[in-house]
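Below is one structure, written out as structure tokens, with a few remarks after it.
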Amino acid sequence: MAERKRVQVLYSGHVQGVGFRFTTQQLARGFDVVGTVRNLFDGRVELVAEGSSDELSSFLQAIDESDLAGFIKEKSLSWQDGIGGLSGFRIAS
């Protein structure tokens, strides 16, 4: 069984008000990942997801190759071991 990993990604650019969270949630359905996506007060979007390294990498690549790519100016990734506590993939407030 593949080791579970957790990734936190902070996206900046024109990432709020463009359907970023909804599209990310829809993309997540195609992968074996769980997590959340939410707007931050500073204008960034935070994604937190858990799954195997391969599934997470494929999911993040799908975001990069989606229509969202044009809105992303920068992204910051932080990887760690999975810690659980997540189910499904939802938009968080």
Here the stretch 21-33 yields Karplus 3J(HN,Hα) values (6.51, -1.76, 1.60; θ = phi - 60°; whole Hz; Gly and Pro given as x) of 5, 4, 5, 4, 4, 5, 4, 4, 4, x, 9, 8, 9
Among beta bridges assigned by DSSP with both residues in the chain, the antiparallel ones amount in percent, to the nearest 5, to 90
Residues whose modelled amide H sits under 5 Å from the amide H of I72, counting only those 5 or more places away in sequence or on another chain, are none
If every Lys and Arg gets +1 and every Asp and Glu gets -1 at its Cβ, then about the Cα centre the chain yields a dipole, in debye to the nearest 20, of 320
Percent relative contact order for the stretch 4-91, counting Cα pairs under 8 Å at least six residues apart, stands at 48
Checking rank on 21-33, 63-75, with mean other Cβ inside 10 Å and highest first, the result is 21-33, 63-75
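Using only DSSP helix segments of four residues or longer, with each worth -39500 (n - 2.57), what per-residue ellipticity at 222 nm results for the chain after dividing by its residue count and rounding to 500?
Using -39500 (n - 2.57) per qualifying helix, the result is -7000 deg cm²/dmol.
Laboratory data are not the source of any read-out in this text; all were calculated from the coordinates shown. Nothing here was measured: the structure is a model prediction, and the numbers come from that model. Backbone-built Cβ (ideal geometry, glycine too); neighbour counts: all protein chains shown.
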